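Before any comments, here is the structure.
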Amino acid sequence: MKLWQEKLRKIDPYVPGEQSDAPDLVKLNANENPYPPSPRVQALLQQTDTSGLRLYPDANGRNLRGALARHFRLSTDQVFLGNGSDDVLALAFQAFFASDQPILFPDITYSFYPVWCSLLRVPFERVPLRDDFTIDPRAFDRPNGGVIFPNPNAPTSLGVGLDVIEDILRHNQDCIVIIDEAYVDFSTCSCVSLLGKYDNLVIVQTMSKSRSLAGLRIGYALCSAELASVLEAVKNSYNSYTMDSIALACGTASVEDDAYFRETCAKIIATRDRSAGQLRALGFTVLPSQTNFLFATHQRRPAEEIFTALKAQNIFVRYFRQPKIDNYLRITVGTDAEMNRFFTALGQIL
Ligand code: PMP
């Protein structure tokens, strides 16, 4: 081994859902939205004058921040934009979790959190979920350098009510509490209404799931103007232009089409609830999902076996070889036609 090789950074990265070019692929493994984005996004892209691309984008993303501020009834300086919510979260870890105390997150949660901790050398502790995968707010009552968890949680699909979030906020007033609301539009419980009450609360959302824009990479944080300005300062210390001009314009068009957004979310929720019933009829235990995916375990057949058999038919779902959840499948809700193909294959496998 050469000496410089010893100095290379060794890190176990986050592993995203597998991709494939198979024409008959049913892709239910990355919690993507099966419907296209708002028709306004399509119209905007068709009219886009590419000569504008010679200019740098608006580093402050004023139009999109303004549209989001109107949508959430906040002020523009309470909105921070990033290149997908992964970018926003990575910046938030740098902005808010720079303490010697461990940050806290559930033992079963978004697997990117420990990766950022290791990249950024942030100490962390995993807080155990209860046996039924619900969050115990009392488990967060210990010294910490910050708290983060998704609501609804992933991959469990379970959400908590505002009372639980408020309980955790009340007991953690000396640190920043980040609620990752990647899947919140498929639930009934966003904590945006708590922003006026808790100035240590940061909410992170994404346009990848409910707005069908995973390919454009648009995420944002909603918080106090003071915290947003710290996120801006950290962002501007490594890249002023995380958001490209096409993403900024398309994101604005999407936020301004509320009717389409509500319609597609409602369709996914209806398909989700119907699919949960079908899974139960096939012998699965299904957690009551508040997301665009289902987390399920079969009473007899091992999850890994079902995962592999589905994959052989070009039906991709997600399987995590990880303690406590290694007999579960995470199944993204697709269109009704995709779910029909999934259930036909599943019926044959079982
Ligand atoms: N948070 C959670 C809980 C997620 O599951 C995901 C999707 N992998 C993200 C954040 C990141 O989504 P994006 O970067 O596409 O906005």
Report ³J(HN,Hα) in whole Hz for each residue of the stretch 217-226, in order, from the Karplus equation J = 6.51 cos²θ - 1.76 cosθ + 1.60 where θ = phi - 60°; Gly and Pro get x. 6, 10, x, 7, 10, 10, 6, 5, 4, 5
Plugging the Kirkwood radius over Cα pairs into Stokes-Einstein for the stretch 288-330, at a temperature of 4 °C and a viscosity of 1.567 mPa s, what D comes out in µm²/s? 120 µm²/s
Compute a Gaussian network model of the chain, connecting alpha carbons closer than 10 Å, and tell me which residue from F186, F293, F320 fluctuates the most. F320
Any idea which of N314, A276, N327 is furthest toward the positive side of the dipole for the stretch 273-350, if Lys and Arg beta-carbons carry +1 and Asp and Glu beta-carbons -1? N327
With no solvent and one equal point scatterer placed on each C-alpha of the stretch 167-246, evaluate the Debye formula and give log10 I(q)/I(0) for q = 0.15, 0.17 Å⁻¹, two decimals. -0.63, -0.79
Pop the C-beta distance of Q19 and A43 into the FRET formula with R0 = 25 Å and round what comes out to the nearest 0.05. 0.35
Once both labels are modelled 7 Å past Cα along the beta-carbon direction, what's the N314-D163 spacing in nm? 4.9 nm
Starting from the Cα of K27, draw a straight line to each of the lysines and keep only those under 26 Å, dropping any in the same chain fewer than 8 residues away. K209, K267, K311, K324
Identify all lysines with a Cα-Cα distance to K10 below 25 Å; exclude those on the same chain that are fewer than 8 residues away in sequence. K2, K235
Give me the base-10 log of I(q)/I(0) for the stretch 1-145 at each q in 0.12, 0.13, 0.21 Å⁻¹, Debye formula, one uniform scatterer per Cα, rounded to two decimals. -0.89, -1.01, -1.32
Please work out the Kirkwood hydrodynamic radius for the stretch 250-298, using every pair of different C-alpha atoms, and report it in angstroms with one decimal place. 12.2 Å
The correct ranking of V122, V230 by accessible area at 1.4 Å, largest first, is V230, V122
Over the stretch 231-316, what portion of Cα pair distances is larger than 19 Å, expressed as a whole percent? 64 percent
Rounded to the nearest 20 debye, dipole of the chain from Cβ charges on Lys, Arg, Asp, Glu: 560 debye
Could you check the spin-label model distance between E226 and E125? Points 7 Å from the Cα along Cα→Cβ, value in nm. 2.6 nm
What dipole magnitude, in Debye to the nearest 20, does the stretch 87-230 give about its Cα centre under +1 on Lys/Arg Cβ and -1 on Asp/Glu Cβ? 340 debye
Can you find, among A225, Y241, F261, the residue farthest towards the positive end of the dipole of the stretch 213-279? Put +1 on the C-beta of Lys and Arg, -1 on that of Asp and Glu. F261
Over the Cα atoms of the stretch 114-157, what Rg and Dmax result, in angstrom? 11.6, 32
Relative contact order of the chain (C-alpha contacts under 8 Å, at least 6 apart) in percent is 24 percent
So, in Å, what gap is there between the alpha-carbon centers of the stretch 15-42 and the stretch 92-152? 29 Å
Please give the charge dipole size of the stretch 170-299, origin at the Cα centre, charges +1 on K and R Cβ atoms and -1 on D and E Cβ atoms. Round to the nearest 20 debye. 540 debye
With every protein chain kept in place and a 1.4 Å probe, the chain has an accessible area per residue in Å² of 46 Å²
Taking the Cα of K267, stepping 7 Å toward and past its beta carbon, and measuring to each backbone N in the stretch 304-346: which are under 12 Å? 334-338
Using the Kirkwood radius over Cα pairs of the chain, the Stokes-Einstein translational diffusion coefficient at 25 °C and 0.890 mPa s, in µm²/s and rounded to a whole number, is 115 µm²/s
Within the chain, what's the longest run with no trypsin sites (Lys or Arg not before Pro) in a DSSP loop and at most 12 other beta-carbon atoms within 10 Å? Give the range, please. 198-299
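The values are calculated or read from the model by the stated rules, or taken from the named source; none is laboratory data. Bear in mind the structure is a predicted one, so any value in this text is a computation, not a measurement. For neighbour counting, all protein chains shown are included, and Cβ atoms are generated from backbone atoms with ideal geometry for every residue, glycine included. Just so you know, the surface numbers come from the protein's heavy atoms only, side chains and all, with ligands and any DNA or RNA stripped out. Shrake-Rupley method; radii C 1.70, N 1.55, O 1.52, S 1.80 Å.
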